[in-house]
Each structure stands twice: as C-alpha cells, then as structure tokens.
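Step one of this worksheet: look at the structure below.
The values are calculated or read from the model by the stated rules, or taken from the named source; none is laboratory data. Remember, it's a predicted structure, so these values are computed and weren't measured experimentally. As a convention, Cβ positions derive from the backbone with ideal geometry for all residues, glycine included, and neighbour counts pool all protein chains shown. Calculation scope for accessible area: heavy atoms of the full protein, side chains included, ligands and nucleic acids excluded. Shrake-Rupley method; radii C 1.70, N 1.55, O 1.52, S 1.80 Å.
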Amino acid sequence: MRFDEAYSGNVFIASSQDYAASRAVIYGMPMDYTVSFRPGSRFGPTRIREVSIGLEEYSPYLDKSLADISYFDAGDLPLPFGNAGRALEVIGEYVKGLLADGKFPLGLGGEHLVSWPVIREVYAKYPDLAIVHFDAHADLREQYEGEPLSHSTPLRKAAELIGGKNVYQFGIRSGTREEFQYAREHLNLYPFEVLEPLRKVLPELAGRPVYLTIDIDVLDPSAAPGTGTAEAGGITSKELLAAVHAIAASDVNVVGADVVEVAPVYDPSEQTQIVASKLVREILLGLVK
C-alpha cells in the first residue's frame with residue numbers, strides 16, 4: 001500500500017506533505033457497513049478535515065501549536081464498499097505499515113468496528129497494550145443478529161485478544177444486561193462518567209503503551225447530535241477535552257488513537273464535526289510524543 005502519498009485531496013489543517021519526516025499519520029476509515037441504526041459515518045473523516053479550517057492552530061490548553069509538530073494526512077483509505085471483512089483487512093494492512101515506519105496512527109471513522117483491526121496491529125507491536133475506551137455503548141457483544149462483524153462487537157474482540165483487565169471503559173451508559181455483566185466481571189468498567197474515574201486510573205497505566213479510542217457518542221446528543229446511535233445522558237465536550245488533557249499530562253505512553261462514529265448528515269449545525277476536529281488537534285498536540 002502507498003504510505004507517502006495521500007489517498008484523497010482534502011487534509012487536516014496544517015498537515016505536512018512529508019510522510020518521512022512526520023511523527024503522526026492521520027488516515028480515514030470511511031466504513032459504516034454494519035451499523036444497526038443510522039448510517040452515514042463513512043462521511044465523517046472527510047467532514048472532520050473540512051471543518052478543521054475553522055480551528056486555530058494554537059491550543060491554549062496545551063500551549064502548543066500545530067506548527068510545532070509534523071504530521072501527515074493520508075486521506076481516506078480506499079475501502080471496498082459493502083465488504084466489511086475485506087475493509088478491515090485493508091485497514092489492518094495499512095496500520096501495520098505505519099507502525100513498522102514508527103508512526104503514531106490517528107484514525108478517523110467510520111463506525112466503531114474499524115478500530116478492531118487497528119487494535120490488533122497495535123497489540124502485535126506492543127504486547128503489554130492497554131486500551132482506554134470512551135463511548136456511550138459497551139460494544140461487547142459477540143454478535144449482532146448473528147453477525148460477528150458489527151459495530152457492537154469491537155471491544156469484545158479486543159478484550160478477548162489482549163485480556164479484559166487491560167481494557168478500561170469510560171462513559172458507558174448503554175448495552176445489554178449480558179454486556180454489562182461481562183464488563184463488570186472481566187474489564188475495568190466506569191459507567192456514565194469519564195473524567196474523574198480516568199484521573200484515578202491514569203497512575204496505574206503510567207509507562208504502559210495505551211491505545212485511545214473515542215466514540216463521539218460518549219458526548220450527550222446536545223453536544224454531538226451527528227452520530228448514528230445517539231444516547232441521552234452523556235458528558236459535555238468540555239469534559240471530553242479535559243479527559244484528553246488529563247491523559248496528555250500523565251505518564252501514559254499513548255501509541256495510537258482514533259475518533260469514530262461522526263455522521264455529519266445528522267448535524268447541520270456542524271457542532272459534532274467541530275468538536276471531533278478539535279479533539280484531533282488536542283490529540284496531535286498532547287498525545288503524540
């Protein structure tokens with residue numbers, strides 16, 4: 001696969017054209033083939049990039065500017081439409097190459113199933129990996145209507161791969177009884193809230209490689225209506241940004257991240273896309289060492 005050329009034209013603000021010199025690589029995963037309610041997240045990566053033009057390059061939270069870091073935007077990966085299995089293979093192959101080149105992979109979804117092949121490849125490089133997961137939904141089903149490749153299954157797959165006690169879930173407020181039972185028994189589950197339990201957990205993750213996956217529906221629909229499966233009772237964008245900053249201020253070694261489930265068609269106000277874009281900026285400035 002190509003790594004040093006972009007797959008599509010529009011790029012995140014201030015991105016470099018020099019792949020070799022870039023520490024991080026942004027890449028889009030435009031897939032929403034298995035969603036159970038509203039499709040449209042395949043358009044998320046493009047729109048997150050487009051609204052980034054409205055961002056300042058400087059983060060007053062971190063006192064850093066995008067001019068201080070070199071990152072490459074590869075555009076959206078060319079995924080075979082309708083073929084979830086092959087699409088996941090393409091994503092995994094691409095991320096494997098990024099990791100081999102020493103890059104920090106920063107993925108834009110797409111439905112949450114796209115995180116699964118990324119986690120698999122990151123774990124292959126970092127066998128002591130932990131996952132920090134912000135979401136409204138547990139995503140711990142083994143299958144959905146008989147289909148194991150579903151946006152409701154990626155964290156179950158990840159837990160079975162790396163061990164459930166290496167998975168930390170925050171903000172969860174939706175799932176089946178069986179999912180919550182599984183999480184309480186096998187994972188580190190912190191339902192409903194994000195910031196305060198995260199601050200308590202970060203010291204035990206110090207020094208460990210961590211993959212951060214953010215489903216935008218961890219936010220309350222009043223803050224992010226543009227998502228496929230909105231869930232009432234979520235956190236504010238201020239809290240989510242503060243959580244990213246708490247990770248940035250810790251000794252956790254974040255080795256990759258993604259922001260998924262942005263579906264622009266459901267948010268003509270653009271607030272969902274705008275907060276996702278700001279999250280990307282803060283991840284670049286705070287978590288890419």
11 Å beta-carbon shell around Ala223, net charge (K/R +1, D/E -1) = -3
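Mind checking segment 111-205 for chymotrypsin sites (Phe, Trp or Tyr not before Pro) that DSSP puts in a loop (not H, G, I, E or B) and that have at most 15 other Cβ atoms within 10 Å? Numbers along the way, then the final one.
Numbers: sites: Tyr123, Phe134, Tyr144, Tyr168, Phe170, Phe180, Tyr182, Phe192; in loops: Phe192.
Those satisfying the criteria are Phe192.
Would you mind counting up the charge near Tyr126? Only other residues with Cβ under 15 Å from its Cβ, with Lys and Arg at +1 and Asp and Glu at -1. Intermediate results must be reported in sequence, preceding the final value.
Values: positive: Lys96, Lys103, Arg120, Lys125, Arg208, Lys289; negative: Glu121, Asp128.
So the surrounding residues net to +4.
How far, in nm, would the chain grow between Lys165 and His186 when pulled straight, counting 0.36 nm per residue and subtracting the alpha carbon separation?
Working: separation 21, 0.36 × 21 = 7.56 nm, distance 0.61 nm.
Stretched fully, the Lys165-His186 segment lengthens by 6.9 nm.
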By the scheme Lys and Arg +1, Asp and Glu -1, what is the net charge of all other residues having a beta-carbon under 12 Å from that of Leu241?
-> +1
Over segment 139-289, what is the percentage of antiparallel beta bridges among all DSSP beta bridges, to the nearest 5?
-> 15
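Are there any chymotrypsin sites (Phe, Trp or Tyr not before Pro) in segment 4-75 that are in a DSSP loop and have at most 12 other Cβ atoms within 10 Å? List them by number.
Phe37
How large is the helix-only mean residue ellipticity at 222 nm for the chain, computed as the sum of -39500 (n - 2.57) over DSSP H runs with n ≥ 4, divided by its residue count, in deg cm²/dmol to the nearest 500?
On the way: 8 runs with 91 residues, N = 289.
It lands at -9500 deg cm²/dmol.
Kindly flag which residue pairs out of Lys125/Lys238; Lys64/Lys165; Lys200/Lys289; Lys165/Lys278 have an alpha-carbon separation exceeding 28 Å in this structure. Mind dumping the intermediate values first?
Values: Lys125/Lys238 33 Å; Lys64/Lys165 34 Å; Lys200/Lys289 22 Å; Lys165/Lys278 30 Å.
Going by Cα-Cα distance, Lys125/Lys238; Lys64/Lys165; Lys165/Lys278 fall outside the 28 Å limit.
Quick one: length gained pulling Asp128 to Ser36 fully straight, 0.36 nm per residue minus the C-alpha distance? Mind showing how you got there, number by number?
Working: separation 92, 0.36 × 92 = 33.12 nm, distance 3.25 nm.
Taking 0.36 nm per residue and subtracting the Cα distance, the gain is 29.9 nm.
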Ser269 and Asp251 label points (each 7 Å along its Cα→Cβ direction) are spaced in nm at 4.2
Leaving out ligands and nucleic acids, note down the accessible area per residue over the chain with a 1.4 angstrom probe, in whole Å².
-> 38
Could you point to the residue in Ser150, Gln169, Ala84 farthest towards the positive end of the chain's charge dipole, with +1 and -1 charges on the Cβ of Lys/Arg and Asp/Glu respectively?
-> Gln169
For semi-axes √(5λ) of the Cα gyration tensor in Å, with candidates [x] 25, 21, 20; [y] 36, 29, 16; [z] 36, 21, 17, the value calculated from the shown model is option [x]
According to a simple spin-label model (label point 7 Å from Cα along Cα-to-Cβ), what is the distance in nm between Lys200 and Phe3?
-> 4.1
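As a test, work out the antiparallel percent of DSSP beta bridges whose residues both lie in the chain, rounded to the nearest 5. The partial results should precede the final answer.
Working: 4 of 40 bridges.
So the antiparallel bridges in the chain amount to around 10 percent.
Could you work out the relative contact order of the chain, using alpha carbon pairs under 8 angstrom and six or more residues apart, expressed as a whole percent? Can you show the working numbers first?
Numbers: 666 pairs, mean separation 65.0, N = 289.
So the answer I get is 22 percent.
Considering only DSSP beta bridges with both partners in segment 98-219, what is the antiparallel share in %, to the nearest 5?
Working: 1 of 15 bridges.
Restricted to segment 98-219, the bridges split so that about 5 percent are antiparallel.
Whenever you get a sec, compute what percent of the accessible area on the chain sits on carbon and sulfur atoms (1.4 Å probe). The partial results should precede the final answer.
Numbers: 5560 of 11080 Å².
Its accessible area is 50 percent carbon and sulfur atoms.
Which number do you get for Rg(Cα) / (2.2 N^0.38 Å) in segment 1-136? Present the calculation step by step, with values, prior to reporting the outcome.
Numbers: Rg = 15.1 Å, N = 136, 2.2 N^0.38 = 14.2 Å.
Cα-based Rg divided by the globular estimate yields 1.06.
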What FRET efficiency comes out for the pair Lys238/Gln143, r = Cβ-Cβ distance, R0 = 30 Å, nearest 0.05?
-> 0.25
Heavy-atom accessible area of Ser70 with all protein chains present, probe 1.4 Å, nearest 10 Å²?
-> 40
